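I have placed the structure first, in the form of structure tokens, so that the comments after it can refer back to it.
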Amino acid sequence: YERAIDFHQQTLDIAQQIGDRPIESLALHNLGENFRLLDKLAQSAQYFESSALVQEALHSKDLAASNRLSLLDSQQPPYQAWQVTLMAQRRPEEALTVAERGRAQALAVSMSRALTSAEDETWIPPEPPTLEQIQTIAHQQQATLVEYAVLRNGHILIWVVQPDGTIHATESNAE
């Protein structure tokens, strides 16, 4: 894995030099995967976060709707890997905020497809709810919120937010 990390770092350096943002994101994701395989979860999470940030920066009003969908599809692996890494670090609250962030990006892409007229150029993508906002909703509604993320490998992350703000998290395989 150390050798792979060296190659991915070289790819990252070249991508940054030539301004190839999609390859930069991919190299960051691959670095995250390799550090996860080495059980260096803190470094892994940082690379996944950086990959997701680069992906988010790729969205623009000038991007065709069909390209936005393709970009969204490529954006999901960093978010999913980031969530799993945070859960492995016993940081379920942060994993929940990452899941919400990924959902907000998906909503932004879906809504941008629907908003194609000139007057919609001022549309601003929604901000994902913060952990505190999620807990406030549970408290105000005196309701238990259940949130989940179904990952591509059949892995499911589940969060239960109690009205008192307590968060319980678990993982499951769909098999």
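The values are calculated or read from the model by the stated rules, or taken from the named source; none is laboratory data. These numbers come from a predicted model, not from an experiment. Every residue, glycine as well, gets a Cβ built from its backbone with ideal geometry; the counts of neighbours run over all protein chains shown. Protein only, heavy atoms only, side chains kept; ligands, DNA and RNA dropped before computing areas. Shrake-Rupley method; radii C 1.70, N 1.55, O 1.52, S 1.80 Å.
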Here is a check on your reading of the model: is Asn34 at pLDDT 90 or above and either crowded, with 19+ Cβ neighbours inside 10 Å or not hydrophobic (A, V, I, L, M, F, W, C) (or both)? yes
Looking at Glu56 and the list (1) among the charged types (D, E, K, R); (2) modelled with pLDDT of 80 or more; (3) closer than 19 Å to Asp20 by Cα; (4) open to solvent by 60 Å² or more (accessible area, probe 1.4 Å), which single condition is not satisfied? (4)
When you look at Glu49, is it of a type in the set (Asp, Glu), in a helix (DSSP H, G or I) and within 19 Å of Glu94 (Cβ to Cβ), yes or no? yes
Within the stretch 79-105, track down each residue that is under 18 Å from Leu38 (Cβ atoms) and under 9 Å from the mean Cα position of the chain (by Cα). Ala81, Trp82
For the stretch 140-162, pairs from a residue that is open to solvent by 90 Å² or more (accessible area, probe 1.4 Å) to a residue that is in a loop (DSSP other than H, G, I, E, B) and not small (Gly, Ala, Ser), with Cβ under 9 Å and 6 or more apart or across chains, are Gln140/Pro163; Gln141/Pro163; Gln142/Pro163
